[in-house]
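> What follows is a single structure, and I will ask about it in a moment.
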Amino acid sequence: MKYLGLAYFNPEKFADMAPDDVQKLVSQCPPLDEQMRATGQVLVSASLGDLERWRTLRPRNGKTLVSDGPYTEAKEVVGGLFIIEADNPDEALRIASMHPAAQLGEQGGWAVELIPMDFYLAR
């Protein structure tokens, strides 16, 4: 089964952190990401781009409305994603727990959401 991992952060909390503290936190991510990928069960892993360049598309009156930025109902924003292939939910949780957002950054409001998914690969 495949699982989608969404890594969240709180932009307001990051804005309140000193730049050196942000850098110290973020510099810890690559080794943890590599540990997770080394399992061989991570099919996709990506950090998402700068929030200023995000666009939201919504249907409105028969047309597609394009807005700037992420518009979510929560303060947290998805900052990264990954897809794991695992034999069972416990294995998926073990691998997802290696992600930096599951281990670091409490002060940045980091979290990981793990979602079982039906997977269709378009070619």
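> Output needed: percent of Cα pairs per 5 Å distance bin for segment 2-117, bins running from 0 to the one holding the longest distance.
2, 11, 19, 21, 17, 14, 9, 5, 2, 0
> For segment 2-117, what is the relative contact order in percent, using Cα pairs closer than 8 Å and at least 6 residues apart in sequence?
49
> What are the trypsin sites (Lys or Arg not before Pro) within segment 1-104 that DSSP puts in a loop, where the Cβ has at most 14 other Cβ atoms within 10 Å?
Here the trypsin sites (Lys or Arg not before Pro) that fit, given the DSSP loop and packing criteria, are Lys75.
Every number in this text was worked out from the coordinates using simple rules, so none of it is lab data. Since we're looking at a predicted model, the values are computed, not measured. For neighbour counting, all protein chains shown are included, and Cβ atoms are generated from backbone atoms with ideal geometry for every residue, glycine included.
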